[in-house]
Amino acid sequence: MTAVERAQGLFREVFGGEPALVVRSPGRINLIGDHTDYNDGFVLPMAIDADLVIAARPRSDAEVHAVSESQQAPADFELGSLTRDIGWGEYLKGVAWALGPGGLVGWDGAIASDIADGAGLSSSAALELATARVFASTSGIAWDPDAMALVGHRAENDWVGMNSGIMDQLICATARAGHARLIDCRHLTGPHVAIPERAVVMLLDTATRRQLIESQYNDRRASCEAAARQLGVGHLRDATLETLETGVLSPRLLARARHVIAENQRTVSAASALAAGELRMFGGLMNQSHDSLRDDFEVSSSALDAMALAAREAPGCFGARQTGGGFAGSCVALVDAERVEAFSQVALAGYNRQTGNTGKVTVCRAADGAGTIEL
Ligand code: GLA
């Protein structure tokens, strides 16, 4: 069954009757540019063809009642008196809070998702954007993808407490099918770049998950902010590799800053290479990105390293790297469209030999951003 059918079925079972609307948001995979977004830098993500779906019906009061196929407990709250709690419902509450709950109409909703949790595919941004899409429909708010990305981002940072950058929400909201997007995270602008047909984006899930990633992530972000302060710039986006030679930074902060500055350059170059169809050059930049995340930013893991290396050695691979926040989750590879089968087999076997883990490989097609589904 599709996520749409599952959400509709769950809705009927829990709330009775038919949903009035069905909305979707994709997850995302980042081709290159990690830990750059909160440094006002550049990223090159695309939305993937796996959705989180909410089947919903407006209520005549200001209550939200949501259930999810992957969660035991429901999320129930009153828009007039939002209070912080723990659990998955905080993402929905955070979105209501960021929209300004005063004029919002309540709803009943059932959630189903094909985006694996903890795999580094931004299931949380998808939940935020899909929630915003439901509120926009039930409460008559015009759907402005950029504004809604900012709403999701505020929900996650200021309500949930994860100091993430804007990449995930912005790509989930604004993605275009068949394209990645080079996003300038300072100006929230940037071109959509078509993915050439002879290349396929592959997701390589290491099947490893890690708890407490938030604190590590927030720690890396704090290091970047400290490095920028010590270098006398507002954000590392404004620093250059030459300024690092002045010796003001400790070895650790220097390595963090070096990653960010070089990753920004790689990301901009990679977007040009993709647009020009220079896939080998693109893949080389992906490989460099992984090595920098491993050695300088230290957000890799032995499983991510083993997967990236196994992928690079597999037939048809242009390049491979860890994707997203890191510590566990997935790698991404760019692969020759005619070698997908052989690539998958060899990469998974290599990863298994190295780690004993059974990984998973999926072809990702670049999808459109969040929206409603015609019933
Ligand atoms: C997580 C965050 C993003 C971004 C990546 C790393 O996915 O949500 O904002 O910082 O990590 O690039």
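The numbers here are math on the coordinates, done by the rules we state, and not lab data. Quantities reported herein were computed from a predicted structural model and do not represent experimental measurements. Glycine gets a Cβ as well: all are built from the backbone with ideal geometry, and neighbour counts include every protein chain shown.
Please name which of ALA55, GLY118, LEU129 has its Cα lying farthest along the dipole of the stretch 1-152 towards the positive end, using unit charges on Cβ (Lys, Arg +1; Asp, Glu -1) and the Cα centre as origin.
Positive-most Cα among the choices belongs to ALA55.
Using Cα springs under 10 Å in a Gaussian network model of the chain, which residue among ASP40, ASP158, ASP184 shows the largest mean-square fluctuation?
Judging by the Gaussian network model, the answer is ASP158.
Order these peptides, 162-174, 336-348, by their mean beta-carbon neighbour count within 10 angstrom, highest first. Kindly include the intermediate steps, with their values, before the conclusion.
On the way: 162-174: 25.5, 336-348: 17.0.
Result, highest mean Cβ count within 10 Å first: 162-174, 336-348.
If one takes the longest principal axis of the Cα atoms in the chain, at what angle in degrees, from 0 to 90 and to the nearest 10, does the Cα axis of helix 89-99 lie?
The answer is roughly 90 degrees.
Arranged from highest to lowest average of other beta-carbon atoms within 10 Å per residue, in what order do the peptides 15-28, 239-252, 81-94, 197-210 appear?
Packing order, densest peptide first, comes out as 15-28, 197-210, 81-94, 239-252.
Please compute the modelled spin-label separation between ASP144 and ARG84, points set 7 Å along Cα→Cβ, answer in nm with one decimal.
A separation of 2.8 nm, rounded to one decimal place.
Would you be so kind as to identify which of LEU309, VAL332, ALA142 lies farthest towards the positive end of the dipole of the chain, taking Lys and Arg as +1 and Asp and Glu as -1 on Cβ and the Cα centre as origin?
Looking along the dipole axis, the top candidate is LEU309.
For ASP108, what is the net charge nearby, where nearby means another residue's Cβ is under 14 Å from its Cβ and Lys, Arg count +1, Asp, Glu -1? Before the final figure, lay out the partial values.
Details: positive: ARG12, ARG57, ARG59; negative: GLU13, GLU18, ASP61, GLU63, ASP76, GLU78.
That works out to -3.
Indicate the gyration tensor shape class of the stretch 293-336 (rounded, prolate or oblate), computed on the Cα atoms with a ≥ b ≥ c the square roots of the eigenvalues: a/c under 1.5 is rounded; otherwise a/b larger than b/c is prolate and the rest oblate.
Numbers: a/c = 2.20, a/b = 2.02, b/c = 1.09.
It is prolate, given that a/c is not under 1.5 and a/b is the larger ratio.
Counting each DSSP H run of 4 or more residues in the chain as -39500 (n - 2.57), what helix-only mean residue ellipticity at 222 nm follows after dividing by all residues, to the nearest 500 deg cm²/dmol? Before the final figure, lay out the partial values.
Details: 10 runs with 147 residues, N = 375.
For the chain, the value works out to -13000 deg cm²/dmol.
Mean separation of Cα pairs under 8 Å and 6+ residues apart, divided by the residue count of the chain: what relative contact order is that in percent? Show your work: numbers first, answer last.
Details: 860 pairs, mean separation 84.8, N = 375.
Relative contact order for the chain comes out at 23 percent.
Quick check for me: using +1 on Lys/Arg Cβ and -1 on Asp/Glu Cβ, what's the dipole size of the chain about its Cα centre, in debye to the nearest 20?
Working: 32 positive and 46 negative charges, 119 e Å.
So the magnitude is around 580 debye.
Return a whole-number percent for the relative contact order of the stretch 215-275, with Cα pairs under 8 Å and 6 or more residues apart as the contact set.
Numbers: 41 pairs, mean separation 19.1, N = 61.
The value is 31 percent.
Compute the distance from the alpha-carbon center of the stretch 63-121 to that of the stretch 157-203, in whole Å.
Cα centres, the stretch 63-121 to the stretch 157-203: 23 Å.
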